[in-house]
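Following: one structure in structure tokens, then a few remarks.
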Amino acid sequence: MKTLSILFATLCFSLNINATCIKDTLVTDTVAVDTIPADSADFSKPSFTTIIEVPITSIKDQSRSGTCWDYSTLSFFEAEILKKTGKEYNLSEMFIANKNYMDRAVMKVRLHGDCQFAQGGSAHDVLYTIMQYGICPEEAMPLPGTMYGDTLNNFTEFFHVMTPYVQALSTSNSKRLTPAWKNGLQGIINAYLGETPTEFEYEGKTYTPQTFASSLGLDWNDYISITSYTHHPFYTAFPLEIQDNWRQGMSWNVPMEDISRIIDNALSNGYTIAWGGDVSEDGFTRDGLAMLADIKQIQDNDSSDMAHWLKLTTTEKNERLHKLGVNIPELTPSQEQRQKEYDNWELTDDHGMHLYGKAVDQTGREYYLVKNSWGKTGKYDGIWYMSKNYIIAKLMDFMVNKNAVPKDILKKLNIK
């Protein structure tokens, strides 16, 4: 995900790759298990009835760092371990960040600067790092921020130091680089994130990162990425053309109608989703609600025009959407519109989140329960209720266990 987050991070929200919301350990059920009532004096206020809620681990806070891809994907894998073994883990995001930033710098230097070096990343980066280097629990490394006297991540100084270092090397006129630059960069990374352990103790046993990853009970080959665009043939795989997919991770391309089938089938069978997409839309609010808002219809109902809407501040737009509540008119997603927005840079790669449940509001509109990584912020303490239309329309890609995909779709993808 690209680093939009830094803008909102200073407001304690960190967007694009940062977040916060509710419920630490959740319960699974296939009937309504939880209802958030509406205020009887305001019938537009959402009242949610939970239909499915797959167990997940606690809310984390990426704070002022562009690491939503890291937090959301590790949360996804923690839920996978919980489903498979019943055991709860807190895996180290900074282990992943340490390894990933070094690899990304090496790629930029190798390509003489023709590659983005940034805080963002993808779910594929987390999977690749675990498969290549392993993983460790949170307590096996310094806690986020503690290396520079903070209590949470703050990558501002870190990247101000690291980025020009990498840029200077990647565009150097030198005819030959020495190995020393990697030692220097690794020193910078370790100074801010902590050194990754080669061996550590956990619950009375000694592990390396690789043996710890093997002990978690997952088959790391089970995970695939899904997307939906028409510029590649359906039911084939291609590397999604976004800057943070610098490792060229492959995504399986399916028609848009298959997206909700895969997500719903996963949830119904106790699996979750690592979702990446666009949260820069007006319908994505800061208080835990996201709808595919039909802004034109809102303007028509409000007797205003587009120029007037565009002049409103973000706060003013949010206030109008908040008043409408469940009465916000929604657009219907289409394959054609998804492609158009992607090609026009309107559908952007902003944020990674962890989708783990399903709910309906008092009008019957469907939502997915989504765990954010902005700490326990927003109306629902770190959880977002995102409408099905929003999730599908604004999806960039998502990671899922292949065993959660309907068998007829797996057959079309020729995945066994």
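The values are calculated or read from the model by the stated rules, or taken from the named source; none is laboratory data. Fair warning: this is a prediction, and the values are worked out from it, not measured in the lab. Positions of Cβ are backbone-derived with ideal geometry, glycine not excepted, and every protein chain shown enters the neighbour counts. Just the protein is used for accessible areas: all its heavy atoms, side chains included, with ligands, DNA and RNA removed. Shrake-Rupley method; radii C 1.70, N 1.55, O 1.52, S 1.80 Å.
Points to keep in mind about this one:
- A Förster distance of 22 Å, applied to the separation of the beta-carbon atoms of GLU341 and ASP114, puts the FRET efficiency at 0.25.
- Normalised contact order of the chain, rounded percent, pairs of Cα under 8 Å and 6 or more residues apart: 25 percent
- Considering only the Cα atoms of region 74-188, their convex hull presents on average a projected area of 8.1 nm².
- Contact order for region 190-283, expressed relative to its length and based on alpha carbon pairs under 8 Å spaced 6+ residues apart, stands at 18 percent.
- Sorting LEU169, LEU369 on solvent-accessible area from highest to lowest, probe radius 1.4 Å, gives LEU169, LEU369.
- The Cα atoms of region 335-396 cover 35, 29, 17 Å along the three principal axes, with the biggest extent listed first.
- Here LYS411 is the anchor, and the lysines within straight C-alpha reach of less than 21 Å, apart from those fewer than 8 places off in the same chain, are LYS402.
- Reach of LYS175 by Cα under 20 Å, taken over aspartates and glutamates that are not fewer than 8 positions away in the same chain: ASP114
- Degrees, to the nearest 10: 93-110 long Cα axis against longest axis of the chain: 70 degrees
- Gap separating the Cα centres of region 112-170 and region 52-79, nearest whole Å: 16 Å
- Dimensionless Rg/Rh of region 45-133 - Kirkwood Rh, Rg from C-alpha atoms: 1.09
- Hull volume in cubic angstrom per residue (convex hull over the Cα atoms of region 125-262): 188 Å³
- A run of the chain free of exposed loop cleavage sites, with GluC sites (Glu not before Pro) counted only in DSSP states other than H, G, I, E and B and at most 15 other beta carbons within 10 Å, reaches its longest extent at 89-194.
- Crossing angle, helix 180-193 versus the chain [Cα axis fit, 0-90 degrees, rounded to tens]: 50 degrees
- Cα point-scatterer Debye curve for region 194-254, base-10 log of I(q)/I(0) at q = 0.22 Å⁻¹: -0.88
- For region 37-148, a crude dipole built from +1 on the beta carbon of Lys and Arg and -1 on the beta carbon of Asp and Glu, taken about the Cα centre, is about 340 debye to the nearest 20.
- Considering only SER65, THR315, THR363, the residue lying farthest towards the positive end of the dipole of the chain is SER65, judged by Cα position with unit charges set on Cβ.
- Area of THR206 that stays accessible when all protein chains are in place (1.4 Å probe, Å², to 10): 70 Å²
- Each of LEU169, ALA123, GLY325 was placed along the dipole of the chain (beta-carbon charges, centred on the mean Cα), and the one lying farthest toward the positive end is LEU169.
- The angle between the Cα long axis of helix 68-85 and the main principal axis of the chain comes to about 90°, on a 0 to 90 degree scale.
- Among the protein heavy atoms of region 110-169, carbon and sulfur supply 57% of the accessible surface, probe 1.4 Å, non-protein parts ignored.
- Accessible surface, per residue, of the chain when the full set of protein chains is kept, probe 1.4 Å, Å²: 42 Å²
- Semi-axis lengths (Å, descending) of the ellipsoid that matches the C-alpha gyration tensor of the chain: 34, 25, 22
- Solvent-accessible surface (1.4 Å probe) assigned to HIS112 amounts to roughly 140 Å².
- Residues of type lysines that LYS323 reaches as a straight line, Cα spacing below 19 Å, ignoring anything fewer than 8 places off in the same chain: LYS45, LYS296, LYS311, LYS379
- Accessible area of THR85 in the full protein assembly, 1.4 Å probe (Å², nearest 10): 70 Å²
- Across region 321-331, coupling constants 3J(HN,Hα) worked out from phi with the 6.51/-1.76/1.60 Karplus curve, θ = phi - 60°, read 5, 4, 5, 6, x, 6, 8, 4, x, 10, 7 Hz, and Gly and Pro carry x.
- Normalised by residue number, the volume inside the convex hull of the Cα atoms of region 240-393 is 136 Å³ per residue.
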